[in-house]
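Let me begin by presenting the structure, written as structure tokens, before commenting on it.
Laboratory data are not the source of any read-out in this text; all were calculated from the coordinates shown. Here the structure is a predicted model, which means the values were calculated and not measured. Don't worry about glycine lacking a Cβ; one is built from the backbone with ideal geometry, like all the others, and counts go over all protein chains shown.
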Amino acid sequence: MATDDEKLFYDAEELQLFSDAIGDELIEDMLGPNKEEDDESGIVAVLTGLEGTCKSGIAMASRSQRQIDEGYILYIIDLDNANKPLWKAHHDKDPQIRVRNPAVWEEVSIEGSKKLQINPDETLKNINKMAFGIRRLELEGVKIAGIVFDGLDTLQDDAELTMRAQNELDIEEGVQFNYWRIRNKLFRDCVAACKSLKCSKYFITHNKTYSTYKKVKNDKGKWIDVVDKTWVEVSIEGSKKLQIN
């Protein structure tokens with residue numbers, strides 16, 4: 001006999017206990033025909049690859065010819081600051097491709113010297129403002145083909161730096177597990193804001209090459225390290241899920 005944890009469905013007698021909570025309205029809303037607005041959602045895609053493998057270029061060319069002819073806008077959140085040269089060289093500075101770097105710079109004093117550095121917390125806030133601003137334009141009827149989020153690995157770094165600043169942790173200091181959960185939430189909140197849009201969404205992140213080594217004797221009988229295995233993985237933490245589920 002199946003245990004409670006193993007059962008897939010309640011039997012009829014147990015289900016009756018939940019009948020008031022289920023209700024006809026919930027059934028119609030959750031299980032009825034697709035709503036018209038559901039058909040408007042664009043695709044969600046992740047582009048990964050090593051440095052210089054045309055990820056940004058592919059995403060920038062994602063609009064259909066009809067969308068180009070009808071003036072649909074493509075927004076690019078350019079955390080890696082790599083898209084302006086592509087926009088100028090290959091898209092003739094198309095005004096309907098809007099490239100924006102959300103980074104917020106601030107002046108700080110370090111050991112008596114002033115320097116400029118990125119404020120990661122304000123940068124994350126900027127990303128969310130941009131996503132919700134695009135959503136507002138969608139609701140106002142502006143034709144938007146998609147949004148490209150270029151720099152998931154940079155976003156993760158900004159989320160970690162924000163978490164460390166909030167908890168007064170030095171960059172080289174060890175981190176408790178619960179603090180990593182804060183980092184992950186900051187990361188996911190930005191991605192979720194972008195995923196809430198109806199247009200197509202393209203997320204870009206880098207791959208990195210990793211290697212393991214083994215010791216062997218060379219022709220002079222000296223032990224040396226040589227590459228044993230080499231593989232490529234997405235460079236952000238939790239890469240198998242990309243932390244956007």
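Across the stretch 142-157, computed HN-Hα scalar couplings (Karplus, 6.51 cos²θ - 1.76 cosθ + 1.60, θ = phi - 60°) run 5, 7, 10, 6, x, 10, 10, 9, 9, x, 4, 5, 5, 4, 5, 4 Hz from first to last residue, x flagging Gly and Pro. For the stretch 48-149, applying the loop criterion from DSSP together with a ceiling of 11 other beta carbons within 10 Å to the GluC sites (Glu not before Pro) yields GLU51, GLU111, GLU140. Karplus-based coupling profile of the stretch 84-90, in residue order and whole Hz: 4, x, 5, 4, 6, 7, 10, with θ = phi - 60° in 6.51 cos²θ - 1.76 cosθ + 1.60 and x standing for Gly or Pro.
Relative contact order for the stretch 118-196: what is it in percent, counting Cα pairs under 8 Å that are at least 6 residues apart? Mind showing how you got there, number by number?
Working: 44 pairs, mean separation 36.0, N = 79.
Averaging sequence separation for qualifying contacts and normalising by length gives 46 percent for the stretch 118-196.
What the pair-distance distribution of the stretch 20-171 shows, using all Cα-Cα distances binned every 5 Å from zero, is 2, 7, 13, 16, 15, 13, 10, 9, 7, 4, 2, 1, 1, 0 percent.
Out of every Cα pair in the stretch 86-234, what percent are spaced more than 19 Å from each other? Working shown, then result.
Working: 7488 of 11026 pairs.
The share of Cα pairs beyond 19 Å in the stretch 86-234 comes to 68 percent.
For the stretch 120-180, just say rounded, prolate or oblate: build the C-alpha gyration tensor, square-root its eigenvalues into a ≥ b ≥ c, call rounded for a/c under 1.5, and beyond that prolate if a/b exceeds b/c, oblate if not. It comes out prolate by the Cα gyration axes. Charges were assigned to the Cβ only: +1 to each Lys and Arg, -1 to each Asp and Glu. The resulting dipole of the stretch 92-230 about its Cα centre is roughly 700 debye.
Taking the stretch 142-213, how much of its Cα-Cα pair set, in percent, is spaced more than 20 angstrom apart? Let's see the in-between values first.
Details: 1168 of 2556 pairs.
That tail contains 46 percent of the Cα-Cα pairs.
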